[in-house]
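Have a look at the structure below before the remarks.
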């Protein structure tokens, strides 16, 4: 076949300039396999960046995967190769045949492919991602910042959340019918999907990618994913994506040595290699790599309508010595350990994303004490608007896993996180990383007897939901997945047939509904004005108590948590506002699997100074429990005291219409 002349080059001189400058923000509209019509002939225009290749051709089924027969045309002084091929239809399998300068032939998947062959096959697939009719306009129009709104994220892995009876995977479309009613039932505001970019190895969970622009074909086609996001948005549920710009897989068909040279990775192995993960770091000093990655971030938001990205492994990008021993890393030009190029990339990334999507959620998984992660770039920050609070997570789980007799000596693990809780805009993560590879499930981390594990789990979830910061809970935690996450099988949904798990599930529903309804738990999340200790120092009894406040005094909540399996009679706390208080949530309620020790009468304050306040009140604290109180007036007493009951009734009604309704009740 003769090379077709370029009637109008698919990539303009301006595009070439911007790509090499690092600011071609929508390079996916030009590169890769683009549907096109030339001289009234329909086909695909293929364009690839391979500046050091000697030859580039298109390898297909029809030419026996011999790319020599169908060469691409090199655009002079650009590094790009391109050609229009007529009569290539959607769904055609292809790779690029690249002849390197030393004469080696490579077969490479398209870095900009919109679809990939189902694993273990590795070819790219021609695909049109245009033409999907979106119905989420109302959701998109109402988007605003979430700083003073509830944000409760359900983190999930699509392939192991739920599977068909024969063990096969649900498609994106089929998942919509299951996931939407469940998230509505559980009152989650957002769902975060673990990485969906194409990846060859299931057990990498999507964190070692080969196809950054291709939604994994394990679950269907690109427009099927669009349908899933669209359906979630129409139900009022935000959708976030785990995104991995820190590294890529070394598989031969991927980005590694793409044109025979280190094109996407650093040429220096001490910079490129991530030995702990067996992957390669992107070379952030290259403007072309920045164009590739920043375009990719925008791609998921523009073409798939994701509301934001959780950026994985940020610390590994920022730290040149991340998980490396002596002789495995190279300091920067100033002798420091900061990857200055990665810092500049992250700043450019966030500035660009917010330029196009001002209300996007850009969350950093950053595990060090790197300063100003959520501060604006113009004051030296990285420019994210949220950071995972890894310090809180590590301290809290350390405490929670401790035996009861050790907890008084570890009380500081509950109090110290407050010191830095307002230094960044934080999300509190209880993520997949904490319930896999021998770390145990959240429920199994709890000490004590079988019953005490459930009591402790409810108290722990209550602490999580009432501590300052937005929330993220990994799937299975909401009903007490007992063994750690099985990354090759679905969650143990059968556990909902057992009373203990079913009642824990009910508690999480009610707690989530209470969180969404009570402004004190999120309206001043990022301000010290929204939090005040009542008693941080009761280490002897392992009790903490604090106040959560909204903008109006009437929204104030008093939170008490007992982390010992001992009932506390007549437990006194100081209060700033005298009056009558009502218990709005008690994790020891029998409906939740507790012993039923409640403060179900109105609690009057007494003029007894305590905790620095002129008034105080007494309550009963059940063993291993969360108790939340709210000041009420006589006129509103009945309404407030019935709040949880009404929430529970709405939950029961919702559950009856979902596929997760349990039909058998067993005691365990």
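Since every read-out is calculated from the coordinates, none of them should be taken as a lab result. No experiment lies behind these values; they were computed from the predicted model shown. Every residue, glycine as well, gets a Cβ built from its backbone with ideal geometry; the counts of neighbours run over all protein chains shown.
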Checklist entry - Taking neighbour counts of Cβ atoms within 10 Å as a proxy for exposure, in what order, fewest first, do 136, 15, 525, 334 appear? => result 334, 136, 15, 525
Checklist entry - Label residue 577 and residue 436 with points 7 Å out from Cα along Cα→Cβ: what is the distance between them in nm? => result 4.4
Item to check | Efficiency of FRET from Cβ geometry, residue 394 and residue 337, R₀ 22 Å, rounded to 0.05 | outcome: 0.55
Next on the checklist: Less than 11 Å from a label point 7 Å out along the Cα-to-Cβ axis of residue 566: which backbone N atoms in segment 515-544 qualify, by residue?
Outcome noted: 539-543
Checklist entry - Could you state the number of Å between the C-alpha centres of segment 192-217 and segment 24-56? => result 23
Checklist outcome for this item: Cβ density ranking, 10 Å radius, fewest first, applied to 356, 304, 264 yields 356, 304, 264
Checklist entry - If one computes the Cα centroid of segment 242-309 and of segment 401-463, what distance in Å separates the two points? => result 34
Checklist entry - Which whole-number percentage describes the relative contact order of segment 13-125, with Cα contacts under 8 Å and a sequence gap of 6 or more? => result 23
Item to check | Length released on extending from residue 540 to residue 65, taking residue separation times 0.36 nm less the Cα-Cα span | outcome: 163.8 nm
Next on the checklist: Need one number: nm distance between label points at residue 203 and residue 252, each 7 Å from Cα along Cα→Cβ, rounded to one decimal.
Outcome noted: 2.2
Checklist entry - By counting other Cβ atoms within 10 Å of each Cβ, how are 485, 277 ranked from fewest to most? => result 277, 485
Checklist entry - What is segment 528-643's relative contact order, in percent, from Cα pairs under 8 angstrom and six or more apart in sequence? => result 29
Checklist outcome for this item: Residue span residue 344 to residue 121: 0.36 nm per residue of separation minus Cα-Cα distance leaves a gain in nm of 76.7 nm
Next on the checklist: Compute the angle between helix 172-186 and the longest alpha-carbon principal axis of the chain, please, reported from 0 to 90 degrees and rounded to the nearest 10.
Outcome noted: 20
Next on the checklist: Within segment 40-80, list the residues whose amide N lies under 19 Å from a label point set 7 Å along Cα→Cβ of residue 261.
Outcome noted: 48-57, 73-80
Checklist entry - Taking only DSSP H segments of four or more residues, each worth -39500 (n - 2.57), what value at 222 nm results for the chain once the sum is divided by all its residues, to the nearest 500 deg cm²/dmol? => result -7500 deg cm²/dmol
Item to check | Inverse mean reciprocal Cα-Cα distance (Kirkwood Rh) of the chain, Å | outcome: 26.9
Item to check | Cα pair distances of segment 13-125 binned at 10 Å [whole percent] | outcome: 14, 46, 34, 6
Item to check | Cα-based helix-to-principal-axis angle, 499-517 vs the chain, degrees rounded to 10 | outcome: 80
Next on the checklist: Tell me the relative contact order for the chain as a rounded percent, counting alpha carbon contacts under 8 Å between residues six or more apart.
Outcome noted: 10
Checklist entry - Which peptide among 421-430, 74-83 comes first, and what is the full order, when sorted by highest mean count of other Cβ atoms within 10 Å? => result 421-430, 74-83
Checklist entry - Helix 287-304 versus the longest principal axis of the chain: what is the Cα-based angle in degrees, 0 to 90, to the nearest 10? => result 60
Checklist entry - Quick one: if the Förster radius is 45 Å, what FRET efficiency do residue 611 and residue 321 give, using the C-beta to C-beta distance and rounding to 0.05? => result 0.45
Checklist entry - In whole Å, what is the distance between the alpha-carbon centres of segment 58-76 and segment 553-611? => result 73
Checklist entry - For residue 141 and residue 444 in the same chain, what is the full-extension length gain: residue separation times 0.36 nm, less their Cα-Cα distance, in nm? => result 104.8 nm
